[in-house]
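Trainee: Okay, here's the structure, questions in a sec.
The values are calculated or read from the model by the stated rules, or taken from the named source; none is laboratory data. Owing to the predicted nature of the structure, the values given are computational and were not obtained by experimental measurement. Here the Cβ positions follow ideal geometry from the backbone for every residue, glycine too, while neighbour counts run over all protein chains shown. Quick note on the areas: whole protein, heavy atoms, side chains included, nothing else; ligands and nucleic acids left out. Shrake-Rupley method; radii C 1.70, N 1.55, O 1.52, S 1.80 Å.
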Amino acid sequence: QVQLVESGGGLVQPGGSLRLSCAASGSITSSRSMGWHRQAPGKQRELVAGISNSGSTNYLDGVKGRFTISRDNAKNTLYLQMNNLKPEDTAVYYCELFTGLRTYWGQGTQVTVSA
């Protein structure tokens, strides 16, 4: 059983930055992949960024060049660096870990981009 706890969300002005963290209760080295998803009010949850166990990454088109996903296996932590934030980035951001057999989710952290 893996527990994921996100942190780092908050209110930021357009153009600002935030770094989200996702701390796992167990080792993440055996995970097949990890990712950050988001869900805005009235919209479906979408994958924002993913990272495989080998380190390869993929991003939603709208965040390419602004967001960076990374993982620190020694700290069992996943990160999402978000720069040049826009109002349309406002959403609840969720951390996800896929073991190859099962998917685990965090409880989410709110990111609000507003002047």
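Trainee: What is the percent carbon and sulfur in the accessible area of the chain, measuring with a 1.4 Å probe over the protein chains and ignoring ligands? Let's see the in-between values first.
Mentor: Numbers: 2810 of 5960 Å².
After summing per-atom areas, the C and S share lands at 47 percent.
Trainee: Using +1 at the C-beta of Lys and Arg and -1 at the C-beta of Asp and Glu, which of Leu4, Ala74, Trp105 has the Cα lying farthest in the positive direction of the dipole of the chain?
Mentor: Result: Ala74, furthest along the dipole toward the positive end.
Trainee: Excluding Arg19 itself, calculate the net charge of residues whose Cβ lies under 14 Å from the Cβ of Arg19, where each Lys or Arg counts +1 and each Asp or Glu counts -1. Walk me through the numbers on the way to the answer.
Mentor: Numbers: positive: Arg66, Arg71, Lys75; negative: Glu6, Asp72, Asp89.
Charge balance near Arg19 sits at 0.
Trainee: If you roll a 1.4 Å probe over the heavy atoms of the protein chains, what accessible area per residue do you get for the chain, in Å²?
Mentor: Using a 1.4 Å probe on heavy atoms only, each residue of the chain averages 52 Å².
Trainee: What are the ³J(HN,Hα) values, in whole Hz, obtained from phi via the Karplus relation 6.51 cos²θ - 1.76 cosθ + 1.60 with θ = phi - 60°, for each residue of region 75-88 in sequence order, with x given for Gly and Pro?
Mentor: For region 75-88, the Karplus-derived couplings read 9, 6, 9, 10, 10, 9, 8, 10, 10, 6, 5, 10, x, 6 Hz, x marking Gly and Pro.
Trainee: Would you work out the charge dipole size for the chain about its Cα centre, treating the Cβ of every Lys and Arg as +1 and the Cβ of every Asp and Glu as -1, and quote it to the nearest 20 debye? Don't jump to the answer; show the numbers that get you there.
Mentor: Details: 11 positive and 7 negative charges, 22 e Å.
That gives a dipole near 100 debye.
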